[in-house]
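Below is one structure, written out as structure tokens; comments come after it.
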Amino acid sequence: MADEVKIRETERRDCKELNRLIHELAKFEEMPDGPKLNAEILERDGFGENPLFYGYVAEINNQIIGYAIYYYTYSTWCGKSMFLNDIFVLPAFRIKGIGGLLFDAIVKKAADVKCGRLDFSVLEWNPAANFYKHRGVTDITETEKWHQYRMEFDAIEKYVQNKK
């Protein structure tokens, strides 16, 4: 199966399918109301003057069956870094090496552009944790006791209002 798969960088024309797959991932993660974007937002944010994300798609017979999205960050410890936001492969195509091909493309990109590290998050219950551990990644929640925190839009707005 992996022989038939084409991995390529995302293009503007992929935004509608990316949006669909992002919503499929949200269902898998049991957060179907999570994504607040659409194809137009993806197009603006990924293919405008200053792209905010980059990615790869996995295709079979010109049908997108998976994707990986990443963006650059900066670490005061090691400089240029990359954050892997998502890797997703449609259920019918899992366990066929496609996720590995997408991960390989991301890691190669990180190496090519000299990133000091590649970070990402995995839900505690997601079996993908083993996929990553078999590829030599470290769970820094276990080893370094780092926890990732988030402030959603409503909390940001409330915080700003309370500071006025």
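A few points about this structure:
- Placing +1 on each Lys and Arg Cβ and -1 on each Asp and Glu Cβ, with no other charges, gives the chain a dipole about its Cα centre of roughly 360 debye.
- Reach of Lys145 by Cα under 18 Å, taken over lysines that are not fewer than 8 positions away in the same chain: Lys133
- Span from the the range 70-100 Cα centroid across to the the range 110-125 one, whole angstrom: 6
- Packing, as the average of other Cβ atoms within 10 Å across residues, places the peptides 149-155, 7-13 in the order 7-13, 149-155, highest first.
- In the context of the full set of protein chains, residues of the chain present 68 Å² of accessible surface per residue (probe radius 1.4 Å, heavy atoms only).
The values are calculated or read from the model by the stated rules, or taken from the named source; none is laboratory data. Because the structure is a prediction, the values reported are computed rather than measured. No Cβ is skipped: glycine too gets one built from the backbone with ideal geometry, and neighbour counts run over all protein chains shown. Calculation scope for accessible area: heavy atoms of the full protein, side chains included, ligands and nucleic acids excluded. Shrake-Rupley method; radii C 1.70, N 1.55, O 1.52, S 1.80 Å.
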